[in-house]
1. I need the phi-derived Karplus couplings for region 72-88: 6.51 cos²θ - 1.76 cosθ + 1.60, θ = phi - 60°, integer Hz, Gly and Pro marked x.
2. Between region 113-143 and region 24-87, what is the C-alpha centre distance in whole Å?
3. Provide the convex hull volume over Cα atoms per residue for region 66-151, in Å³.
4. For a bin width of 5 Å, list the pair-distance distribution of region 1-116 built from all Cα-Cα distances, rounded to whole %.
5. If each of Q86 and L64 carries a label point 7 Å out from its Cα toward its Cβ, how far apart are those two points in nm?
6. Add -39500 (n - 2.57) for each DSSP H run of 4 or more in the chain, then divide by its residues: what number comes out at 222 nm, to the nearest 500 deg cm²/dmol?
7. Hull surface divided by four, with the convex hull built on the Cα atoms of region 11-50: how many nm²?
8. Taking H placed 1.01 Å from N in the peptide plane, check which residues at least 5 places from A123 or on another chain put their amide H under 5 Å from its amide H.
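Please treat every number below as a calculation from the coordinates, not as lab data. This is a predicted model, so every value here is computed, not measured. FYI the Cβ positions are ideal-geometry reconstructions off the backbone, even for glycines, and counts take in every protein chain you see.
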Amino acid sequence: MVLRMGEMLVAEGVLSEEQVEEVLAIQRQLGEPFGSICERIHGISPETIEGVWARQYEHLTRELTLDEVDFDPGVADLVSPRQAWQFRVLPIAFDGGSLMLATTRPSLTRALRFATRVLRHPAMFLLLEPDALAAELERRHPLGGMNVGMLQGGVHRASSSRLGS
């Protein structure tokens, strides 16, 4: 079952069913995205629309493990190490015309925003556990000082033995 943005906004008390019908009528006329019309006509914040969009996308996305993934080394350079860590995205491969990326469930909104605003390819996401994503980012997109703790909101410092003390 596909979760529709309008239904989700009604369930959250953001819009009424009448307002959804109004937006759908405008969408049929203009062909604009539902969320854009909601922002313009009903003053819904972009953050609210992005949150609903991410939950909608999350419902359609599956979780995976790294043993299910065949990485294409040719896609690694589509995202810089800084972008990979900042937006929690790991390029995997092209699937048809879409760039398949991995992210985590908590980072999906951030990753979707990055993909739609920065990448020049249609993107689709698969979900990894934070530890698994961090391990692959450390391996494929190393960036000084970044580690598993960064994806979990904390900071893991190098042990004193690694610092030579």
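1. 9, x, x, 9, 4, 6, 6, 9, 6, x, 4, 5, 4, 6, 5, 9, 6
2. Their Cα centres are 13 Å away from one another.
3. Convex hull volume per residue, Cα atoms: 83 Å³.
4. Taking all Cα pairs of region 1-116, the binned fractions are 2, 10, 18, 18, 16, 12, 11, 8, 4, 0 percent.
5. Once both label points are built, they end up 2.5 nm from each other.
6. One gets -13500 deg cm²/dmol as the mean residue ellipticity at 222 nm.
7. Result: 2.6 nm².
8. Correct list: L99.
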